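*Asks:* Dropping the structure in here first, questions after.
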Ligand code: FES
């Protein structure tokens, strides 16, 4: 049911944890299952130099976030914003249909972390990042 890449990233997830003094922190909840994902980024000169995640989500959420962090590390913010959950699922060689919603957590938490980064710089993130559902809207609980 799961590809080798999914099993690899699930059993040996990359970039798990938190970043102290992160430049941006994004926390999103999955409207479908109620699971939560927290993403931390470190940014230097518009480049994401480090990224870590923590999740209460399922195995598919762990695998998609793990590979998503690898895909954005070292990339510029505009490049990271282009990462879609579809691209993440493709990189994993696919997910069962009923698990696709889990991959949305990775994409949205990255966007939320970037939005938080802009907010911390005093920049309105919405024109750049778009509307990111955040926990303050009660999305996570
Ligand atoms: Fe909630 Fe997968 S079932 S993230």
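Just so it is clear, none of the values below were taken in a lab; they were calculated from the coordinates. What you are looking at is a predicted structure, and each value in this text was computed from that prediction instead of being measured. Virtual Cβ from ideal backbone geometry, glycine too; neighbours counted across all protein chains shown.
*Asks:* Taking only Cα atoms and a 10 Å spring cutoff, compute GNM fluctuations for the chain and point out the largest among 72, 62, 128.
*Replies:* Looking only at 72, 62, 128, the largest GNM fluctuation is found for 128.
*Asks:* Another question about this same structure. Once both axes come from the Cα atoms, what is the angle between helix 100-120 and the longest principal axis of the chain, in degrees from 0 to 90, rounded to 10?
*Replies:* 10 degrees
*Asks:* What is the projected area of the convex hull of the Cα atoms of the chain, averaged over all directions, in nm²?
*Replies:* 7.7 nm²
*Asks:* Do the sum for the chain: with -39,500 (n - 2.57) for every DSSP H run of n ≥ 4, divided by all residues, what is the mean residue ellipticity at 222 nm, to the nearest 500 deg cm²/dmol?
*Replies:* Using -39500 (n - 2.57) per qualifying helix, the result is -12000 deg cm²/dmol.
*Asks:* Something else about it: Using R₀ = 30 Å, calculate the FRET efficiency as 1/(1 + (r/R₀)^6) where r is the Cβ-Cβ separation of residue 8 and residue 44; round to 0.05.
*Replies:* 0.55
*Asks:* How much FRET efficiency would the formula 1/(1 + (r/R0)^6) give for residue 32 and residue 131, where r is the Cβ-Cβ distance and R0 is 25 Å, rounded to 0.05?
*Replies:* Efficiency at R0 = 25 Å is approximately 0.85.
*Asks:* Quick one: if you stick a label point 7 Å off each Cα along the C-beta vector at residue 100 and residue 21, how many nm between them?
*Replies:* Taking the two extended label points, one gets 4.3 nm.
*Asks:* Right, something else. Say each of residue 1 and residue 121 gets a label point 7 Å from the Cα, pointing the same way as Cα to Cβ; how far apart are those two points in nm?
*Replies:* 4.3 nm
*Asks:* Also, I was wondering about something else. One-quarter of the Cα convex hull surface for the range 1-55, in nm²?
*Replies:* Averaged projected area of the range 1-55's Cα convex hull equals 5.1 nm².
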